[in-house]
Each structure stands twice: as structure tokens, then as C-alpha cells.
Amino acid sequence: LAFSSGVMAQRYVVGTNASFPPFEYVEKGEIVGFDIDLVKEIAKLQDFEVEFRDISFDSLIPGLASGSLDIVAAGMTITDARKEVVSFSDPYYSANQSVLVHEGSEEDLTVLFGSNDIGVQTGTTGDTWVRDKLVKPDILTGELRNYDSYVFVIRDLANQNIDAAVLDKPVAETYSKNNPVNVVAEVITGEEYGIAVGKNNQALLKEINAGLAKVIENGTMDKLIEKYFE
Ligand code: ARG
């Protein structure tokens, strides 16, 4: 029998929704991306282990609440409503929303109005924005189509089954590189992404914030930005 010295490192389950490139996406069957590298780096520095689960975005916060997940790393915007239920790390990335349309329909400035159909990922800030700003005031009379995965939002937009999608700008721009879709507008929402843990898990939150500070301090953050956004 071989014994390792010391106690075994804690292992945490990290939830994500891997349809959000370059933050998290699936490549050759593996979950990869900026958030994945970031969490792995924090885990290495703070001496814990992680395993990732790819689930629907709107199951992530319930997963923390029920204890099936320990950490959520999903380009998740820090909002007051979410802070009622979970605790967020210090912010690590800033982003706005954007409007994505099919290539060739960039000139149609009425895409968010009238009978157009708009795709969003369920439970995201983009979903909330369309509902509050367009659907409730009857600016949009077409359908608000909810999806579990951005892969299907982009597929439906590319096939012109929907007229527009509202999603985080860095992700919309990443999709536009390999799909016949283009960003036509930015919606200034001033969002900041945080890593989330269970509401009362202050010990883990402290570890994550300590690791995050080191990642910023030791230049790894700049390297990740360079790797995923050039
Ligand atoms: N930032 C947005 C939000 O918090 C979208 C996040 C979607 N993330 C994902 N991994 N699918 O609602």
C-alpha cells in the first residue's frame, strides 16, 4: 500500500453550460474554455481538485442551492437577484449584451420590434432583458424563443428560423467567426461575471477569491485573455 503524505485534496463539482464560447464550449468531446482554464488554475493554486459538469444554464443556481454543485463557472453575471440565492466571487470579466442577426439582414433596424422572433438562452440576463424591455412593453409582438443551449440558438438563426438573438457580446462575436451571423448592435448593460458558490459557503468563496487574486497578480489572467480573445 502506498500512502501519500498529508490529507487528500478536496474535490469540488463545477457546473457550467458549455455552449458559451470562448468561456466554455465543447471541443473533441471535452469541456474547454476561458472559465475552465481559470477555475483549473485557481484550483491548482489553492490546492483543490475540480471536475466539470455541463448542464443547462437555468439548472446551475438550483444545483448550488441543492448541493449537487459546489462551484458555478459559466460566464455568469453578478446580479442582485442571484445574490439572494448564491454568493459570487470578485468580478473577473466585464461584458454587455448584443444583438445577433443572420448575415445579410444587418440593414434591418427593426429586428427587435414587431413580429420578429428572438432567441435567448433560458435564465440568462439576455432572456431577462428581452422580456423586460421588449416583450412586456409590447415592443416585440413576435415570439421570445427560449433555448437550453446557444448551439441551437445559433443553428436556428443561421437557418433563419428566428430573426435575432440577444446574448453576451463576446460570445456573439465568437459565434460570428464560424457562422453566417453578425453582431449588429451592442446593448450597454455593464455586466460583470463572477464565479458562484452556495450562499453560505464562505470558506470556499475565500479560497476562490484568493486564487483569483493570484491569477490576476501572476499574469495568468492576461495570458488567458490573450489565448481566448485575440
Ligand atoms: N452572462 C449571462 C448571464 O449571466 C449569460 C451566461 C450564459 N452562460 C453560459 N455558460 N451559457 O445570464
Restricting attention to the range 111-124, and to residues there that are in a strand (DSSP E or B) and of a type outside the set (Gly, Ala, Ser), which single residue is farthest from the ligand (Cβ to nearest atom)? Ile118
List pairs: first in the range 100-114 and in the same structural domain as Asn161 (by TED's automatic domain parsing) and in contact (Cβ under 8 Å) with a residue 12 or more places away in the chain, second among the acidic types (Asp, Glu) and surrounded by 11 or more Cβ atoms within 10 Å (Cβ to Cβ), Cβ under 6 Å, 6+ apart or cross-chain? Val111/Asp163
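Filter the range 125-149 down to the residues that are among the polar types (S, T, N, Q), within 20 Å of Asp58 (Cβ to Cβ) and not in a strand (DSSP E or B) and list them by number.
Looking only at the range 125-149, we keep the residues that are among the polar types (S, T, N, Q), and these are 125, 128, 141, 146, 149.
Those still in the list that are within 20 Å of Asp58 (Cβ to Cβ) too: 125, 128, 146, 149.
The answer is Thr125, Thr128, Ser149.
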Given (1) within 16 Å of the ligand (Cβ to nearest atom); (2) in contact (Cβ under 8 Å) with a residue 24 or more places away in the chain; (3) of a type in the set (Asp, Glu), number of the condition Asp132 does not satisfy: (2)
Of all residues in the range 14-24 being within 9 Å of the ligand (Cβ to nearest atom) and free of Cβ contacts under 8 Å to residues at least 60 places away in the same chain, which is farthest from Val171 (Cα to Cα)? Thr16
Counted residues, the range 112-125 - those being crowded, with 21+ Cβ neighbours inside 10 Å and either among the hydrophobic types (A, V, I, L, M, F, W, C) or over 20 Å from Asn146 (Cβ atoms) (or both): 3
Run Glu27 past the list (1) in contact with a Gly (Cβ under 9 Å, 6 or more places away or on another chain); (2) touching a residue at least 12 places away in the same chain (Cβ under 8 Å) and report the number of the one that doesn't hold. (2)
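Does Ile139 meet the test of being surrounded by fewer than 15 Cβ atoms within 10 Å (Cβ to Cβ) and farther than 25 Å from Ile195 by Cα? Lay out the reasoning, then the answer.
Details: surrounded by fewer than 15 Cβ atoms within 10 Å (Cβ to Cβ): yes; farther than 25 Å from Ile195 by Cα: yes.
Judged against the criteria, Ile139 is a match.
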Counting residues that are hydrophobic (A, V, I, L, M, F, W, C), which helices (runs of 4 or more DSSP H) fully inside the range 1-110 reach at least 2? 34-46, 60-66
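Just the residues that are within 16 Å of the ligand (Cβ to nearest atom) and over 17 Å from Arg131 (Cβ atoms), please, taken from the range 158-167.
Step one: list which residues in the range 158-167 are within 16 Å of the ligand (Cβ to nearest atom), which gives 165-167.
Once the filter is applied, which keeps residues that are within 16 Å of the ligand (Cβ to nearest atom) and over 17 Å from Arg131 (Cβ atoms), the range 158-167 yields nothing.
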Unique residue being of a type in the set (A, V, I, L, M, F, W, C), within 30 Å of Asn201 (Cβ to Cβ) and in contact with a Lys or Arg (Cβ under 6 Å, 6 or more places away or on another chain) when the list is Val86, Val120, Val171: Val86
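The values are calculated or read from the model by the stated rules, or taken from the named source; none is laboratory data. Being a predicted model, the structure only gives us computed values, none of them experimental. All Cβ positions, even for glycine, are placed from backbone atoms using ideal geometry, and neighbour counts span all protein chains on display.
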